[in-house]
1. Could you please let me know if ALA23 is in a helix (DSSP H, G or I) and either open to solvent by less than 20 Å² (accessible area, probe 1.4 Å) or at pLDDT below 95 (or both)?
2. Give me the pairs: first residue in the stretch 16-32 and closer than 12 Å to ILE45 by Cβ and hydrophobic (A, V, I, L, M, F, W, C), second residue open to solvent by 10 Å² or more (accessible area, probe 1.4 Å) and assigned to a helix (DSSP H, G or I), beta-carbon distance under 8 Å, and six or more apart or on different chains, which are they?
3. TYR32 versus (1) open to solvent by 70 Å² or more (accessible area, probe 1.4 Å); (2) in contact with a helix residue (DSSP H, G or I) (Cβ under 9 Å, 6 or more places away or on another chain); (3) at pLDDT 95 or above: which is the lone unmet condition?
4. Would a scan of the stretch 105-124 turn up a residue that is of a type in the set (Asp, Glu) and at pLDDT below 65?
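The values are calculated or read from the model by the stated rules, or taken from the named source; none is laboratory data. Fair warning: this is a prediction, and the values are worked out from it, not measured in the lab. So basically every Cβ, Gly included, is an ideal-geometry build from the backbone, and we count neighbours across all protein chains shown. The protein model used for the area step is the full one, side chains on, heavy atoms only, and it has no ligands, DNA or RNA in it. Shrake-Rupley method; radii C 1.70, N 1.55, O 1.52, S 1.80 Å.
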Amino acid sequence: MPRIFDNIQLKLSPALCETIQLANRADFCVGYFHLRGWKEIDSYIEQWPGGEDHRCRLLIGMQGRPEEELRAALGLTQGESDIDQQTALRLKRKLAEEFRDQLTYGVPTNSDERTLRRLAAQIKAGQVVVKLFLRHRLHAKLYLLFRSDPINPIVGYLGSSNLTFSGLLNQGELNVDVLDSDASQKLARWFEDRWNDRWCILKLRYNFLTLLLA
């Protein structure tokens, strides 16, 4: 039977951290991403050397007006079409501004700034790769941890928790762990299909984070 994480009797963050310590890499899909959520797990990912087999891939299915405008402009809902370079750059700047607000909203402390600097360094080192999914609205919250275990190589957590402080620790969430080999393999393929989608774009780069730190 799966464990149920409701952040009341059983919190997601400790279980996720415990599993990350035994993992070699991770694939996360969330709707929202905030520094205070990242601060719960970043010290464990800091131990990974980076590269394809030792990194965290973070797929964000943000919701909001800029994403909808960009999807419409790219013709994702009405067939494929081209847009001019100026329009594409304008919309991507709007996306960057919204993501900056999501990432750093209410970040006043020195500890939060240190977390932002670590994230920048992790992206530069290839320990973290962040993409934004644009094909359609993506509400899924999935955490997959891969480890060198021939019996149970993938541990998954599936439910409602975003990669935010409240999502990992506060009440009002509901998640289960996925240990079944067939189910975890199917979830891994689901993630891979969306990560490699044409309209899944590399969003968060080192240069963007350095602008936030200026």
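1. Numbers: in a helix (DSSP H, G or I): no; either open to solvent by less than 20 Å² (accessible area, probe 1.4 Å) or at pLDDT below 95 (or both): yes.
So ALA23 does not fit the description; no.
2. Cβ pairs passing all conditions: CYS17/TYR44; ILE20/TYR44.
3. Every condition holds for TYR32 apart from (3).
4. Taking every residue of the stretch 105-124 in turn, none turns out to be of a type in the set (Asp, Glu) and at pLDDT below 65.
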